[in-house]
Amino acid sequence: MPESVRAWAQEKDVARVQKVLRDILDAYELDFSKHAAIKDIAKLGFIWSSIPSQLSRENKKFIYKAVKKGVRAREYEDALTWLCNAGLTYKIYRNTKPALPVSAYDDLGAFKLYMVDVGLLRRLAFLDPVSFNEGNRLFSEFKGALSENYILQSLAAQYEVLPRYWSSGSTAEVDFTIQRGNDILPIEVKSDENTRGKSLALYNQRYAPRIRVKFSLKNLKKDNNLINIPMFLADYLEKFIDLAATEGNK
């Protein structure tokens, strides 16, 4: 990955970035046959290539039947576990209640599967970098998936416990929840400047978290217990939460 970043930061060479990312994906796919059990090699490829389509759906929930027609979960569970243990994917469970320990409230039958890197997700989806200049004309749902994957990368690096997502069923869904000490904080990701979030408001009414976080393209702002953070500042989440908590105690 440093090579692709260097190709862009130093050379502004989009073609070079594209090639580096493709080479990384090819190397990962070759590793499937080198290190996985023979029975799982083909299954790994099916799951891996299905990730963009899985995340393109509105609720982004992983569905085994979308990997290959007629398959059952138990037939592909080992392959999916291999991808997660290898650090190539993040398996984000639906959490039924923001309480501790978080694993006690996981819905093990409902999860989303993200990739280890948002750039690799874009490349795996054959999405040209120029598409980002097109706004919502070419892709809307997948733009949200890319934004969520980007934020998840940052959250996974900052917190010991892997994030979950919360939903009340068909009424509301919050993109991520994180455990911060003995607090569980909800996080919503917006891929543009339209930041209205009914789900986050419902979560607030139901559970009254100390802090709510919204990542978007809008500027940094605090409104009661809600912090809006520009997405490019995701790695500074802890600092902003500390500042908000200090201000709230004054």
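The values are calculated or read from the model by the stated rules, or taken from the named source; none is laboratory data. All values derive from a computational prediction rather than experimental measurement. Every residue, glycine as well, gets a Cβ built from its backbone with ideal geometry; the counts of neighbours run over all protein chains shown.
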Exercise. Could you say whether any residue in region 206-214 is on the phi > 0 side of the Ramachandran plot and either in contact with a Phe, Trp or Tyr (Cβ under 9 Å, 6 or more places away or on another chain) or of a type outside the set (A, V, I, L, M) (or both)?
Worked result: no
Problem set entry | Residue in region 32-50 that is hydrophobic (A, V, I, L, M, F, W, C) and closer than 24 Å to residue 147 by Cβ present | yes
Problem set entry | Every pair of residues 6+ apart whose Cβ atoms lie under 7 Å, when the first sits in region 1-24 and is under 15 Å from residue 121 (Cα atoms) while the second is modelled with pLDDT under 95 and small (Gly, Ala, Ser) | 4/119; 17/4; 17/7; 20/4; 20/7; 21/4; 21/119
For this session: May I ask you to say which residue of 178, 211, 187 is at pLDDT 95 or above, among the β-branched types (Val, Ile, Thr) and out of contact with any Asp or Glu (no Cβ under 9 Å at 6 or more places or on another chain)?
Result: 178
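Quick check on residue 65: is it at pLDDT below 95 and over 20 Å from residue 127 (Cα atoms)?
yes
Quick one: count up the residues across region 57-90 that are under 18 Å from residue 144 (Cα atoms) and either without any contact (Cβ under 8 Å) to a residue 60 or more places away in the chain or in a helix (DSSP H, G or I) (or both).
3
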Seminar exercise, completed: With criteria (1) touching a helix residue (DSSP H, G or I) at 6+ places or on another chain (Cβ under 8 Å); (2) loosely packed, with under 14 Cβ neighbours inside 10 Å, residue 11 comes up short on (1)
Exercise. Somewhere in region 42-57, is a residue more than 20 Å from residue 27 (Cβ to Cβ), more than 13 Å from the chain's Cα centre (by Cα) and basic (Lys, Arg)?
Worked result: yes
For this session: Would you mind telling me which numbered condition in (1) of a type in the set (Lys, Arg); (2) free of Cβ contacts under 8 Å to residues at least 40 places away in the same chain; (3) touching a helix residue (DSSP H, G or I) at 6+ places or on another chain (Cβ under 9 Å) residue 34 fails?
Result: (3)
